[in-house]
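Notes follow once the structure below has been shown.
Derivation of every value follows stated rules applied to the coordinates shown; laboratory data play no part. Keep in mind the model is a prediction, meaning the values are calculated, not measured. Cβ sites come from the backbone with ideal geometry, for glycine too, and all protein chains shown count toward neighbours.
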Amino acid sequence: MKVPTSLSTAFDENFQNLLAEVATADGLLPSAGEIQAKRFLSRSVAPHVQRLTELFNRIGSENPESGLEKYWKKGSNPENLRLAYFLSFMPGNLYRTAAVWSELHRLGFRWQTENFRAVEFGAGPATGSCGILAGESHSPCGLPKASNFALIEQDRKTLQLGEKFFDAYRKHLELPDFSTRTFHRKLSLKQGWLPSSAPTFHLWLMSYVLNEFHESTEELAISLLKGWRNHLEPEGIAILIEPALRLQSRRLLEIRQQILAHDQGKEFQILLPCLGHQSCGALSDPEDWCHEEVSWWRPPYLRLLDEMTGLDRKTLPFSYLVVARSSKPRESILPALEGAKTTHRLVSPAYQVGGDYEFYTCGTQDGKRRSRLKRTNDELSRGSILVNGSPRGDPKATRIDQCDRII
Ligand SMILES: C[S@@+](CC[C@H](N)C(=O)[O-])C[C@H]1O[C@@H](n2cnc3c(N)ncnc32)[C@H](O)[C@@H]1O
């Protein structure tokens, strides 16, 4: 995915200082300077990062109770667990959300509304909402000045931390009129994602949350469609971000297929990453899945923490889906695709093979294929889009002789 440099370098010492101030004010850090103190990080943060990593990797693969059901309250030191999440997992998820926003920006998506209401489910420390702030700051999609974000979270203290973090971050990014409302609530699909009295929203945001719901993908898709029909504004969008692990990524792909199967009114469009409604190329192979990757300059303390924990967050993989409630033609929602009769999205890196690039594409017409294209000066990487390329040859190994442009 192509992310502007200003965004990939925005998580510098100033960002680190901001996190330190918020965590100190919340009583999670003894003093702001400790964010870089090796002794403190190795004793009080790194062990909890490792524990959370193990728990997150177990989600979905075993019975639900074995995972993180009550993770905020687990263990003898819930404050350090919360701090570990805030310092170690939150920034990456924030950046992933911002990257999806920058992809919308890159393809020309712009809001045409004077009011803007977003809702984030399982917001944790307001991660996704702050990701939208970062995205809007570096890749603006035209949010109105006084946009509001409703944060829904089952853990009260994490929600309070999120409220403080959002407030500090909006000031940091000079977006003074952005605001939040917080809702301490345990979501249950039996009751629906939102009460019927809840308002409508322009943006429905879920970052690393759906995988904590153990209903079938069909049940999840039906509940999402119901929530969107009742609470997503016309021309509003839903952004769903999930881990890149095979199991969780495939569940998101299945949810996509179920959304398409159950959207009888054809009220919703799959925008990203697929750019269309083709049957999923990855799902047809039981061993396959689909993910994106973004690189960034990690905050300095996170580099230290990664060294201590053996994690490597230089590159951040994830799976995602953006759905629009719209019946407009694709190019009027994503004007960068104007004139695109066909689109092929790179779903792998592009390798240089002789005078060619070789990569996998997923196309709106012909699903997933291994493809080759003659090397040019155009930068080609995972997430690039070939517009009006004409593939020829064996469907398993296609040559694209030319294309009108590469986005
Ligand atoms: C992995 S964390 C992700 C947090 C945040 N969205 C992010 O990307 O950093 C999942 C969050 O969902 C919340 N959550 C899980 N199940 C929930 C439920 N049934 N109701 C409300 N919140 C829930 C958890 O408390 C946790 O904060």
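Taken one residue at a time, the phi angles of the range 246-259 give Karplus couplings (6.51, -1.76, 1.60, θ = phi - 60°) of 3, 4, 6, 5, 5, 4, 5, 5, 5, 4, 4, 4, 5, 4 Hz. Gly and Pro are set to x.
In degrees, nearest 10, range 0 to 90: what is the angle between the Cα axis of helix 300-309 and the longest Cα principal axis of the chain? With both axes taken from Cα atoms, the answer is about 90 degrees. Per-residue Karplus couplings for the range 196-205, computed as 6.51 cos²θ - 1.76 cosθ + 1.60 with θ equal to phi - 60°, are listed in order as 4, 7, 5, x, 8, 10, 8, 10, 10, 10 Hz, Gly and Pro entered as x. From least to most packed, judged by other beta carbons within 10 angstrom and beginning with the fewest, 228, 289 follow the order 289, 228. Computed over the range 131-241, the alpha-carbon pair-distance distribution with 5 angstrom bins reads 2, 10, 19, 24, 21, 14, 8, 2, 0, each value a whole percent. Listed cross-link partners 171/328; 2/368; 341/396 are compared with a 25 Å cut-off, the Cα-Cα value being larger for 171/328. Between residue 43 and residue 215, the distance separating the two model label sites (each 7 Å from Cα on the Cα→Cβ line) works out to 4.6 nm. Only helical runs count toward this figure. For the chain, summing -39,500 (n - 2.57) over DSSP H runs of n ≥ 4 and dividing by all residues gives -10000 deg cm²/dmol at 222 nm.
Between amide H atoms placed 1.01 Å from N, distances below 5 Å from residue 356 occur with 375, all of them 5 or more places distant or on a separate chain. Within the straight-line cut-off of under 18 Å between alpha carbons, the lysines reachable from residue 226 are 190, 266, sequence neighbours fewer than 8 places apart in one chain being disregarded. The lysines within cross-link reach of residue 157, meaning a Cα-to-Cα straight distance under 16 Å and a gap of 8 or more places when in the same chain, are 70, 73, 74, 186.
In order along the range 84-99, phi translates into HN-Hα couplings of 4, 5, 4, 7, 9, 9, 4, x, x, 5, 4, 5, 4, 4, 4, 5 Hz, rounded to whole numbers, per the Karplus curve 6.51 cos²θ - 1.76 cosθ + 1.60 with θ = phi - 60° and x for Gly and Pro. Pull up the DSSP beta bridges for the chain and report the antiparallel fraction as a percent, rounded to 5. In the chain, DSSP labels about 60 percent of beta bridges as antiparallel.
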